[in-house]
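The values are calculated or read from the model by the stated rules, or taken from the named source; none is laboratory data. All values reported here derive from a predicted model rather than from experimental measurement. Ideal geometry is used to build each Cβ from the backbone, glycine not excepted, and the neighbour counts take in all protein chains shown. Note: accessible area is taken over every heavy atom of the protein model, side chains too, but ligands, DNA and RNA are not part of it. Shrake-Rupley method; radii C 1.70, N 1.55, O 1.52, S 1.80 Å.
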Amino acid sequence: MTILDIERRPEVAAASEASRRRLDEIWKTPPGIAGFLSTVDHKQIGIRYIITAFAFLILGGIEALIMRVQLGRPEQQLLTPEQYDQLFSTHGMTMIFLYALPVLSGFSNYLWPLLLGARDMAFPRLNAFSYWIYVAAGIFMYAGFAIGAGPNDGWFNYVPYASRQFNPGMNMDFYALGMIFLGISTSAGAANFIVTVFRTRAPGMSINRLPIMIWGTLTASAANLLVVPAVSLAFFLLWMDRQFGTHFFDVSQGGQPLLWQHLFWIFGHPWVYAIVLPAMGMVSDGLPVFCRRPLVGYTPVALSTVATMVLGFGVWVHHMFATGMPNLALSFFSGASIVIAVPSAVAVFAWLATIWSGRPVVTTAFLFFASMIVLFVIGGVSGFMTGSVPVDWQLTDTYFVVAHLHYVLIGINLFPVAGAIYYWFPKFTGRMLDEELGRWNFWTMFIGFNIAFLPMHLTGLWGMPRRVYTYPDGMGWDWLNLITSVGSFLFAFGILLLLINVVKSRRDGRLAGPNPWDASTLEWSVPSPPPPYNFAVIPHIVSRHPLWEQQLQESDARSSLDTGYLLDHGRETIATTSLDSDIDLILKMPEDSYAPFLLTVAVSALFVGLLLHWWWLAAVGGFATVGAIMIWLWPERDLGQTADAGHG
Amino acid sequence: MVEVALGRPRVPVGSIRRRGVGWWGVMMLITTEASLFVYLLFSFYYFALQTPGEFLPRHPPSLSLSLPNTAILLLSSFAVWWGDVGVRRGRQRQLVVGLAIALLLGIAFVTIQLFEWRQQSFTLRSSEYGSLFFTITGFHMAHVVAGLLILVSLLVWSALGYFAGRRSAPILIGGVYWHFVDAVWLVVFFTFYLTPYLR
Amino acid sequence: MSYLSGAGVKADPVVALTWGVLVISIAVVIIVSILLLAGIQRGRSRVAAVDIELQQVERRGNALALVYWGTAISTVVLFGALVWTVAVLAAINAPHAKPMLTIEVTGLQWWWKVRYLSDDPSRTITTANEIHIPTGQPVRVRLIGADVIHSFWIPALTGKTDTIPGQTNVTWLEAQRPGVYRGQCTEYCGEQHAHMAAFVVADTPDVFQTWWNDQLRPAAQPTTAQEVQGQVEVQFRCGACHMVRGTDAGGSVAPDLTHLMSRKTIAAGTLDNTIANLAGWIANPQAIKPGTRMPVLNLSGQEVSDITTYLQLLK
């Protein structure tokens, strides 16, 4: 056999109608159920992520509203304690795990290849796989709730209350296995993002030309890769304790309940940054477009994104200030928790400076992005307060913390996401969202949110503990809770307006064209919605703002968007070097495949078997998993993985 | 206005050793799996420090089987490396032989480790030490089994003549995973088999 | 329940620190909001959203200074707050004098067991949910975890410290004025986490000593026929879990009832300790506090009445 690596000089051409037709033929996914189950198109997967995450957002929101009815007045009997406990735990699980990260993964999935000038993610099949696993794990986790065995120990699920002795039902088994299950999706997605950014950027898009959103998701992905195993392990050890009588958390046999808290929060705190940094990145990229100028302080903002995460690994103990630690440890972690505000300050002042020195065009997207700055600061300063140990000893586990975390998660995740929907909806669908309805949408959400959660700080300062299903009359909490309940319904109505706008504009919104916001990044250089192959030719980038070079006049060099590498010998995209983005290799991309879906079915069977102790099913699922992976990875000539590809 | 001139260098197509995305993918896998073992060992040392009184069992795991077994695992890593050198130089027979030796040594490791487990004076449920020992070595064993499945696949594919020269990324990728599994063993070995002697 | 009206040497520095960081926080929010609104107003484009491309893109001004100055000032303020934090932490770490009294508090689903420790074993007593302390002196509290994790919190006197199974945490508190200070479990601990209040009752040292001496007495003896019948019922029905010292009721997994009537509430602050509430609680605790470890005993009306009548004696 001759040993000859195929090498090729990639053809450089201008995009033509003929080449577009050919690429469309190569890249398009067949319609119907077959295409639905087998597609690896990052855009379809991204949209699915967003829709699924919003479905979970609605479920979690309904749970919240039921709880707010119960808490609207003291001594209410609408819910039993057990119902309330499952509701607040499921609400937390839903919002934090099934909404907050997946919705950002959705945006990143859709946008990354478009922002980077690539034709798909580095691992398209893995991308489909992480989506399917997310759906399967979400259904798995909700199945418990549906049969009355939802999690009932809060989202951070402290032992020993989660142990079998105190929690004999299946609630914890659903939650524990479900979290391990979901962790597969998170890790696979994180790996895919990292490789995508380091391998598939357009030529010339050196590391200092990346949009900030890429920095945000990259940082979050790196963190997830490092910390998701901690929580998966914690839940695995819990499951072992419950099912096989090991002694990790069982105190009477030498177990260590605080080990749970360490493992959980080593994961939990970086996770909080993972579900806000990409959203902050979306603001850093979107806001300047409406301010009609580049972001002020690109480099400080990019570095602060990374710095936040690095510091974020060192603050987990601030969730454990009340566990009886020595003062020295408390002082150290208190210091770290306060210092972590510094990189956040960099971002806040960079956004302010961008607005201050720009000419803001006030659109709905701008309102969401700009209001996020204030909500971020409110969530930030309340975090700073609880970072101070003696204050935290008073405020932790009260409604003050509930207010804090909702300002963080809604303020820095949901508001940017809503803004991002207004900003990128035209790219997704080719149509604009209704701006007038958008104003109603924004103001209802903004006012409703603040009515609901601003007074809640006071509820906490006045001593109301969190996670109580009811509270006595005469503690001074009644009217505050009533206001919160009223505000929460207004807030929910605002989200309903967003959904109405999406449904309405999807059908008859104004046509958008490729670049309705006159924005600067690569996704706006392709039609709306983008064709299956994204770019007819791979662009070549010479600046951070390829579409603004003419207006900014900062150098004579111009990015080449209409002429570039054609790459039409089957599904192909370009691989570039990690830092400087010099052309390195032509990547062969996989065809549509059922393997991700089938592997998900196999893994699901494994988890269901483990849950129900149907060991035969677990074994079948396990073998099917191994088989599916082998088939998936079988070297393919078309992907240039075998030696005889050399003849081709 | 300056239109950049696009270079047209000759570049490889498809999966080439470290330059494809596969190598990066396995590095991601190794990163996250290494983190998993860091947390497992963190748990072990947390218990060791926090447990009042005697943490170690009366008869800690012995070196009699584990030490030779460690050598076996390291040799199998060497065999994979030797096979990889072979395929890069176009000696496909060396690749197949190397992988086969590695696979046999890996199976030997698993077999001996099963005996070693049966020798212990404690069980998964007898103490917190037992829970940690069997969970951590069990996790490692699961990774060895995954590694063996990879070696089997690579052996089959190599025997089918799929790989040659630079077109041998799967050997590199699967091989580095096997090296990783072996490296983890060294840490596990140190933790359970050597630390009792360090007191 | 607000700690901002703190009443103790341990609370005061924390209240000051809270006000400090709260004022900083509010100031930061106001400053950022003003900068934001002024920034939007200042440069606001007249161009409509649909014509956004009419607003020229350009790098205006050099606003990078705002980033650097903003970050620098924030860092200084944060550092100041950190120094203050560490100072307060050191100040409240230990009481100024060695505590004369040590109380052991055990968190249980869903009540607090309170033991008064003494070098003289005959002075050790056990009570529940209401912690009496003398004013003007520090009191050491040893916190024991028994089942799941709870958190001990008396806002006006001390911040939270968890009670964790397998470890003993120690905290301290000191009340300057007599009064009743409410507290509550703040680590989620199951169905009745909401009904797990604790009270610290601070009295002048001589009133406190009187209370302690009273608690040392054995239970009052029944005199009327109904009281005698009630005592029999309590020993038979309640004694496996509850203790009434001096009788056959010797259980230790539920609150000690020897001086039940000296307490102001029952079921860990769920109900005021009135005859009607007590009778209702004994008849059907699950209706009042669903999930509580106290079972429904299906007592007849007469039995409830007998038991309640007897319990009224236990002052």
field: Out of C:Ala240, C:Ala219, sole residue that is assigned to a loop (DSSP other than H, G, I, E, B), open to solvent by 70 Å² or more (accessible area, probe 1.4 Å) and within 30 Å of C:Glu303 (Cβ to Cβ)
entry: C:Ala240
field: Residue pairs meeting the criteria (Cβ under 7 Å; at least 6 apart or on separate chains; first at the interface with chain C (Cβ under 8 Å from one of its Cβ atoms), in the range A:388-405; second of a type in the set (Lys, Arg))
entry: A:Trp393/C:Lys160; A:Thr396/C:Lys160; A:Asp397/A:Arg466; A:Asp397/C:Lys160; A:Thr398/A:Arg466
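Look through C:Ala283, C:Ala225, C:Ala287, C:Ala254 and report the one residue that is closer than 29 Å to C:Ile154 by Cα, of a type in the set (A, V, I, L, M) and open to solvent by 30 Å² or more (accessible area, probe 1.4 Å). If you could, list the steps in order and put the result at the bottom.
Details: C:Ala283 fails: closer than 29 Å to C:Ile154 by Cα; C:Ala225 fails: closer than 29 Å to C:Ile154 by Cα; C:Ala254 fails: open to solvent by 30 Å² or more (accessible area, probe 1.4 Å).
Criteria check complete, one pass: C:Ala287.
State whether one or more residues within the range A:358-367 are assigned to a helix (DSSP H, G or I) and without any contact (Cβ under 8 Å) to a residue 40 or more places away in the chain. Working first, answer last.
If we filter the range A:358-367 for residues that are assigned to a helix (DSSP H, G or I), which is where we start, we get A:364-367.
Applying the additional criterion that residues be without any contact (Cβ under 8 Å) to a residue 40 or more places away in the chain yields none.
Scanning the range A:358-367, I find no residue that is assigned to a helix (DSSP H, G or I) and without any contact (Cβ under 8 Å) to a residue 40 or more places away in the chain, so the answer is no.
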- prompt: Are there any pairs, at least 6 apart or on different chains, whose C-beta atoms fall under 6 Å, with the first in the range C:278-307 and on the phi > 0 side of the Ramachandran plot and the second open to solvent by 30 Å² or more (accessible area, probe 1.4 Å), and if so, which?
  reply: C:Gly291/C:Glu191
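Hey, among C:Asp214, C:Asp248, which residue is outside any loop (DSSP other than H, G, I, E, B), under 23 Å from C:Lys113 (Cβ atoms) and among the acidic types (Asp, Glu)? Even if it seems obvious, please write down each step before you answer.
Working: C:Asp248 fails: outside any loop (DSSP other than H, G, I, E, B).
That would be C:Asp214, the only listed residue that is outside any loop (DSSP other than H, G, I, E, B), under 23 Å from C:Lys113 (Cβ atoms) and among the acidic types (Asp, Glu).
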task: Scan the range A:521-570 for residues that are closer than 21 Å to A:Leu587 by Cα, in a helix (DSSP H, G or I) and out of contact with any Ser or Thr (no Cβ under 9 Å at 6 or more places or on another chain) and report the count.
output: 1
- line: Checked the range A:200-217 for anything in contact with a strand residue (DSSP E or B) (Cβ under 6 Å, 6 or more places away or on another chain) and either open to solvent by 10 Å² or more (accessible area, probe 1.4 Å) or more than 12 Å from chain B (Cβ to nearest Cβ) (or both); matches are A:Arg201, A:Gly204
field: Any chance C:Asn93 is under 30 Å from A:Pro288 (Cα atoms) and either more than 8 Å from chain A (Cβ to nearest Cβ) or open to solvent by 80 Å² or more (accessible area, probe 1.4 Å) (or both)
entry: no
Odd one out for A:Pro529 among (1) closer than 23 Å to A:Leu287 by Cα; (2) within 14 Å of another protein chain (Cβ to nearest Cβ); (3) within 27 Å of the chain's Cα centre (by Cα); (4) open to solvent by 40 Å² or more (accessible area, probe 1.4 Å): (2)
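Mind listing just one residue for me: the one in the range A:333-346 that is aliphatic (A, V, I, L, M), open to solvent by less than 40 Å² (accessible area, probe 1.4 Å) and in a helix (DSSP H, G or I) and, of those, farthest from the other protein chains (Cβ to nearest Cβ)?
Among those that are aliphatic (A, V, I, L, M), open to solvent by less than 40 Å² (accessible area, probe 1.4 Å) and in a helix (DSSP H, G or I), it is A:Ala336.
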message: Test of understanding: among A:Val608, A:Val626, A:Val601, A:Val620, which residue is open to solvent by 40 Å² or more (accessible area, probe 1.4 Å) and within 14 Å of another protein chain (Cβ to nearest Cβ)?
response: A:Val626
task: Go through the range B:19-73 residue by residue and tally those that are in contact with a strand residue (DSSP E or B) (Cβ under 8 Å, 6 or more places away or on another chain) and in a helix (DSSP H, G or I).
output: 2
field: Complete set of residues in the range C:17-43 that are free of Cβ contacts under 8 Å to residues at least 60 places away in the same chain and over 19 Å from A:Val348 (Cα atoms)
entry: C:Thr18, C:Trp19, C:Leu22, C:Val23
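Given the residues A:Ala128, A:Ala136, A:Ala118, which is the only one that is in a loop (DSSP other than H, G, I, E, B), in contact with a Phe, Trp or Tyr (Cβ under 9 Å, 6 or more places away or on another chain) and assigned by TED's automatic domain parsing to the domain that holds A:Phe198? Working first, answer last.
Values: A:Ala128 fails: in a loop (DSSP other than H, G, I, E, B); A:Ala136 fails: in a loop (DSSP other than H, G, I, E, B).
The conditions single out A:Ala118.
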- line: Among (1) surrounded by 23 or more Cβ atoms within 10 Å (Cβ to Cβ); (2) part of a loop (DSSP other than H, G, I, E, B), A:Glu591 falls short only on (1)
field: Enumerated helices (runs of 4 or more DSSP H) restricted to the range A:250-332, each holding at least 3 residues that are under 25 Å from A:Ala230 (Cβ atoms) and either open to solvent by 10 Å² or more (accessible area, probe 1.4 Å) or at the interface with another protein chain (Cβ under 10 Å from one of its Cβ atoms) (or both)
entry: A:257-274, A:298-312
field: Residue tally, condition over 11 Å from C:Ala198 (Cβ atoms) and assigned to a loop (DSSP other than H, G, I, E, B), over the range C:158-185
entry: 8
field: Residue, surrounded by the most Cβ atoms within 10 Å (Cβ to Cβ), within the range B:87-122, restricted to residues that are modelled with pLDDT under 95 and within 14 Å of another protein chain (Cβ to nearest Cβ)
entry: B:Val87
Sole exception among (1) part of a loop (DSSP other than H, G, I, E, B); (2) touching an Asp or Glu at 6+ places or on another chain (Cβ under 6 Å); (3) small (Gly, Ala, Ser) for B:Ser121, by number: (2)
query: Among the listed residues A:Met456, A:Met464, which satisfies the condition of being closer than 26 Å to A:Val272 by Cα, aliphatic (A, V, I, L, M) and touching a strand residue (DSSP E or B) at 6+ places or on another chain (Cβ under 9 Å)?
result: A:Met464
- line: Of the conditions (1) more than 19 Å from A:Val402 (Cβ to Cβ); (2) modelled with pLDDT under 95; (3) within 13 Å of chain C (Cβ to nearest Cβ), the single one that A:Met475 does not satisfy is (1)
message: I'd like the full set of residues that are closer than 30 Å to C:Glu187 by Cα, assigned to a helix (DSSP H, G or I) and open to solvent by 30 Å² or more (accessible area, probe 1.4 Å), limited to the range A:468-491.
response: A:Asp478, A:Trp479, A:Leu482, A:Ile483, A:Val486, A:Phe489
query: Only one of B:Ile136, B:Ile171 is surrounded by fewer than 21 Cβ atoms within 10 Å (Cβ to Cβ), within 12 Å of another protein chain (Cβ to nearest Cβ), touching a residue at least 40 places away in the same chain (Cβ under 8 Å) and within 18 Å of the chain's Cα centre (by Cα); which?
result: B:Ile136
message: Tally up the residues in the range A:218-238 that are more than 7 Å from chain B (Cβ to nearest Cβ) and either among the acidic types (Asp, Glu) or open to solvent by 10 Å² or more (accessible area, probe 1.4 Å) (or both), please.
response: 5
For C:Asn62: the one exception among (1) assigned to a loop (DSSP other than H, G, I, E, B); (2) surrounded by fewer than 18 Cβ atoms within 10 Å (Cβ to Cβ); (3) at the interface with chain A (Cβ under 7 Å from one of its Cβ atoms); (4) not hydroxyl-bearing (Ser, Thr, Tyr): (3)
